[in-house]
Amino acid sequence: MAPIDDVLFPYVFSKISGNEIKFGATVVIKDEQTDEKSTYQIVGEYESDIENNKLSVNSPLARGLINKSISDVVEINSPKGQKSYTIKSVKYV
């Protein structure tokens, strides 16, 4: 029987990729009202730091982005009101 490290090693370092937004994605979105672009990484609740563009997976914006893809338009209801964003890019670093 192989040691556990030999079995798990290929999976520990595998990269997530694709155009669909999941936990860990870095996303560029464009505000439909202002045309302003913003970049966020979707992270865990305790890692979130909006000043460094780290968005909690539990935030209204992140919840609206999860499972969406490039060019999708998302409508987000937040404490500041409803906003529309277009997803411009998705990457995993």
Filter result (in a loop (DSSP other than H, G, I, E, B), of a type in the set (S, T, N, Q) and closer than 15 Å to Lys37 by Cβ) within the stretch 64-87: Ser71
- prompt: Where residues in the stretch 6-21 are modelled with pLDDT under 95 and either part of a loop (DSSP other than H, G, I, E, B) or at positive phi (or both), which of them is most open to solvent (accessible area, probe 1.4 Å)?
  reply: Lys15
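On the phi < 0 side of the Ramachandran plot, surrounded by 11 or more Cβ atoms within 10 Å (Cβ to Cβ) and in contact (Cβ under 8 Å) with a residue 24 or more places away in the chain, is that true of Lys54? Quick ask: steps written out before the conclusion?
Working: on the phi < 0 side of the Ramachandran plot: yes; surrounded by 11 or more Cβ atoms within 10 Å (Cβ to Cβ): yes; in contact (Cβ under 8 Å) with a residue 24 or more places away in the chain: no.
When the stated conditions are applied, Lys54 does not pass them.
Considering only residues that are in a loop (DSSP other than H, G, I, E, B) and closer than 20 Å to Lys83 by Cβ, which ones fall in the stretch 40-63? Show your work before the answer.
Here is the first cut: in the stretch 40-63, the ones in a loop (DSSP other than H, G, I, E, B) are 44-48, 53, 57-59.
Answer for the stretch 40-63, where residues must be in a loop (DSSP other than H, G, I, E, B) and closer than 20 Å to Lys83 by Cβ: Ser48, Asn53, Val57, Asn58, Ser59.
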- line: How many residues of the stretch 65-77 are under 14 Å from the mean Cα position of the chain (by Cα) and either of a type in the set (Ser, Thr, Tyr) or open to solvent by 20 Å² or more (accessible area, probe 1.4 Å) (or both)? The answer is 6
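The values are calculated or read from the model by the stated rules, or taken from the named source; none is laboratory data. Note that this is a predicted model, so its numbers are computed, not measured. As a convention, Cβ positions derive from the backbone with ideal geometry for all residues, glycine included, and neighbour counts pool all protein chains shown. These area figures cover heavy atoms from the full protein model, side chains too; ligands, DNA and RNA do not enter into them. Shrake-Rupley method; radii C 1.70, N 1.55, O 1.52, S 1.80 Å.
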